[in-house]
Amino acid sequence: PMRRGMASEVAAVPGERRSMNLVGAVNDALRIALEEDSTACVFGEDVGFGGVFRASVDLQEKFGRHRVFNTPLCEQGIAGFGIGLAAEGVTAVAEIQFADYIFPAIDQICNEAAKYRYRSGGLFNAGGLTVRAPCGAVGHGGLYHSQSPEAYFTHTPGLIVVMPRSPAQAKGLLLASIRRRDPVVFFEPKVLYRSSVEEVPIEPYEIALGSAEVVREGKDITCISYGPQIKVLEAACDRARDSLGVHAEIIDLRTLLPWDRETVMKSVRKTGRCLVTHEAPITSGLGAEIAAAVQKDCFLNLEAPVARVCGLDTPFPLALEKLYLPDASKCFQAIKETMEF
């Protein structure tokens with residue numbers, strides 16, 4: 001099936017393609033940002049050495065220690081330093097080594113970066129700040145290397161929150177985030193760093209922030225997610241098609257704040273059914289906001305309650321990770337129940 005976003009954005013980019021995994025695409029976007037913007041800096045814990053996931057490999061050698069450098073192990077300091085740079089006109093790309101450790105930086109990101117333009121009446125801003133953070137389950141991360149904290153930030157006006165599902169998406173979305181003059185929190189699903197590989201344009205390009213993509217067209221149910229859960233949804237929807245004859249429409253939000261309400265509602269009005277899924281815990285997750293908005297805007301179109309398939313309301317488990325995750329079987333079962341309602 002045609003991927004609208006790929007057709008309109010990535011496929012339209014001229015020139016050569018190269019096979020990249022997701023972490024390679026992130027590295028390529030950082031390289032381009034440093035090349036095209038002489039003020040751009042990339043920094044964080046071990047970033048100067050290439051980073052624990054190698055996202056910044058070779059960048060210090062190419063651009064110098066004054067532009068790509070290590071910081072102390074202090075997330076609040078990393079975010080605060082980035083806000084200061086951005087306020088002085090620098091394009092600041094900060095890395096939080098794991099999204100699980102972004103919580104000490106929430107005060108700086110949510111109380112300072114997000115509000116700086118508003119509180120100064122537009123005189124000052126921290127719009128040049130992008131905060132990158134590897135997130136999500138990886139199979140063996142346990143409590144402190146597996147979390148998906150995106151909903152903490154989608155509750156904060158003034159921020160843009162992004163999570164890509166693939167290498168080509170990651171490159172275009174990250175370049176758009178770095179160039180955008182608003183503070184962005186850019187979550188990178190670490191399970192996809194090396195497992196997700198595709199042909200990525202070598203030339204610079206952007207994918208519009210705030211724009212969802214209809215990954216697969218369908219007529220029976222709208223399935224909404226983002227990041228690594230899109231692949232899970234594709235497997236569930238394949239099974240629904242083959243065993244139930246159900247043709248699901250899959251939407252990748254890509255930008256979580258602001259999310260693309262128009263694309264979602266257009267799809268739900270067509271299908272009359274909706275499922276939302278994400279790795280993060282179900283209570284107060286982004287899926288709750290989407291479900292509430294769908295029932296408000298599409299109430300008379302709905303043939304069944306909006307389904308949510310999400311992580312459990314527990315600390316992220318190690319031994320029981322497979323039971324915790326909203327896998328393809330859980331998503332398939334929710335599709336089946338929604339269709340039978």
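The values are calculated or read from the model by the stated rules, or taken from the named source; none is laboratory data. This is a predicted model, so every value here is computed, not measured. Heads up, the Cβs are rebuilt from the backbone with ideal geometry, glycines too, and the neighbour counts pull from every protein chain shown. Protein only, heavy atoms only, side chains kept; ligands, DNA and RNA dropped before computing areas. Shrake-Rupley method; radii C 1.70, N 1.55, O 1.52, S 1.80 Å.
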Practice item. Roll a 1.4 Å probe over the protein heavy atoms and report the accessible area of M265 in Å², nearest 10. Key: 10
Study note, to complete from the structure: Two pseudo-spin positions, 7 Å from Cα along C-beta at T314 and at H247, lie apart in nanometres by 4.0
Practice item. Convert each backbone phi in region 151-167 into a coupling constant with the Karplus relation 6.51 cos²θ - 1.76 cosθ + 1.60 (shift: θ = phi - 60°), then list the ³J(HN,Hα) values in order as whole Hz, x for Gly and Pro. Key: 5, 4, 9, 6, 8, 10, x, x, 9, 10, 10, 9, 8, x, 10, 7, x
**Study point:** Simple Cβ-charge dipole of region 195-341, Lys/Arg +1 and Asp/Glu -1, about Cα centre, in debye nearest 20
**Key:** 500
Exercise for review: For region 182-268, just the Cα set please: Rg and Dmax, both in angstrom.
Suggested key: 14.5, 45
Study note, to complete from the structure: Largest fluctuation, S211, S225, S177 only, Gaussian network model of the chain with Cα springs under 10 angstrom, belongs to S211
Check your understanding: Say each of S329 and S38 gets a label point 7 Å from the Cα, pointing the same way as Cα to Cβ; how far apart are those two points in nm?
Key -> 5.9
**Study point:** Charged-residue dipole, Cβ positions (Lys, Arg, Asp, Glu), region 47-93 about Cα centre, Debye nearest 20
**Key:** 120
Point to revise | Surface accessible to a 1.4 Å probe, K336 within the full protein complex, Å² | key: 60
**Study point:** Label point distance in nm, V90-R194, each placed 7 Å from Cα along Cα→Cβ
**Key:** 3.2
Practice item. Consider a paramagnetic label point 7 Å from the Cα of A292 along Cα→Cβ; state which residues of region 250-270 have an amide N under 18 Å from it. Key: 256-262, 265
**Study point:** Karplus-derived 3J(HN,Hα), 6.51/-1.76/1.60, for each residue of region 287-301, Hz, glycine and proline x
**Key:** x, 5, 5, 5, 4, 5, 5, 5, 5, 6, 7, 10, 3, 6, 9
Review point. On average over all directions, what projected area in square nanometres does region 67-200 have, based on the convex hull of its Cα atoms?
Key: 8.2
Check your understanding: With springs only between Cα atoms under 10 Å, which of I230, I106, I160 fluctuates most in a Gaussian network model of the chain?
Key -> I106
Check your understanding: Of all the C-alpha pairs in the chain, what % are more than 29 Å from each other?
Key -> 37
Practice item. Would you grab the residues whose amide H sits under 5 Å from the one on I224? Only those 5+ places off in sequence or on another chain, please, with H modelled 1.01 Å from N. Key: I251, L275, V276, T277
Study note, to complete from the structure: For region 1-118, the dipole about the Cα centre with charges only on Cβ (Lys and Arg +1, Asp and Glu -1), to the nearest 20 debye, works out at 380
Study note, to complete from the structure: Averaging 1/r across every pair of distinct alpha carbons in region 23-105 and inverting yields a Kirkwood hydrodynamic radius, in angstrom, of 12.6
